[in-house]
Amino acid sequence: MVWTEQVNNPGLNANPVNTMSVYRNALLILIGAALLLAPVVSAQQVDLDQTIIVVPGDSSKSMGFAPRAYDTITQGETDYFTKSVSSGTSQLTLDLNWGTPSNSLTLWVNTPVGLYGPYYDSSDGISSNGRIALVMSGSGGSLPAGTWEFRVYGDSVSGVEDYTFVAY
Ligand SMILES: [Ca+2]
Ligand SMILES: [Ca+2]
């Protein structure tokens, strides 16, 4: 008789088990909804942050006839160059070339949407050629228009270093 009572008990416990199952399904639906919403939110954040995309330029390429600045720099000095970027400009090629890897120059780019940098000799993927070659492009197809300011900084310079800089 004792055995019969124990067999009946699982049937009585069936309702609590079903209730748990309902809660679990509801939880899975909530998690699924959260996973669907998450990519949308993060995509918006990426668009706000990455207005400008910076990639290594082609260091083997000649600067051609693009107007460039010739200047010299010493330890701790900053040189400023500006360029007016018109609307619809898709990309800018930057080339800072001092040719002496033992000296360290850095490049900052103050754009209408914020300050980018510092960029080092290594930022273009070739770490010891005394040159920083970069290409900046707009994530939405064009760069923010306005006055761009480029800052060349003498990060670690022995003596007087001469260099050329171009943005085109
Ligand atoms: Ca100078
Ligand atoms: Ca380099």
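The values are calculated or read from the model by the stated rules, or taken from the named source; none is laboratory data. Predicted model only: the values in this text are computed from it and were never measured. Cβ coordinates were reconstructed from backbone atoms using ideal geometry, including for glycine residues, and neighbour counts include every protein chain displayed.
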Within the range 147-161, is even one residue modelled with pLDDT of 95 or more, among the hydrophobic types (A, V, I, L, M, F, W, C) and surrounded by fewer than 16 Cβ atoms within 10 Å (Cβ to Cβ)? yes
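Looking at 126, 132 in this structure, which one is in contact with a helix residue (DSSP H, G or I) (Cβ under 9 Å, 6 or more places away or on another chain) and more than 15 Å from ligand 1 (Cβ to nearest atom)?
Values: 126 fails: in contact with a helix residue (DSSP H, G or I) (Cβ under 9 Å, 6 or more places away or on another chain).
The match here is 132.
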Checked pairs for the range 128-144, first in the same structural domain as residue 155 (by TED's automatic domain parsing) and of a type in the set (S, T, N, Q), second away from ligand 1 (no atom under 16 Å from the Cβ) and not in a loop (DSSP other than H, G, I, E, B), C-beta under 6 Å and 6 or more apart or across chains, list as 137/53; 137/91; 139/53
Can you tell me which residue within the range 62-110, out of those that are modelled with pLDDT of 95 or more and at positive phi, is surrounded by the fewest Cβ atoms within 10 Å (Cβ to Cβ)? 76
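From 70, 80, grab the single residue that is in contact with a Ser or Thr (Cβ under 9 Å, 6 or more places away or on another chain) and in the same structural domain as residue 143 (by TED's automatic domain parsing).
Details: 80 fails: in contact with a Ser or Thr (Cβ under 9 Å, 6 or more places away or on another chain).
The unique qualifying residue is 70.
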Counting just the residues of the range 127-143 that are surrounded by fewer than 19 Cβ atoms within 10 Å (Cβ to Cβ) and modelled with pLDDT of 95 or more, which one comes out nearest to residue 72 (Cα to Cα)? 130
Residues of the range 94-122 being within 14 Å of the chain's Cα centre (by Cα) and under 15 Å from residue 153 (Cα atoms), which ones? 109, 115, 116, 117, 118, 119
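Which residue out of 75, 91 is closer than 17 Å to residue 54 by Cα and among the polar types (S, T, N, Q)?
Numbers: 75 fails: closer than 17 Å to residue 54 by Cα.
Among 75, 91, only 91 is closer than 17 Å to residue 54 by Cα and among the polar types (S, T, N, Q).
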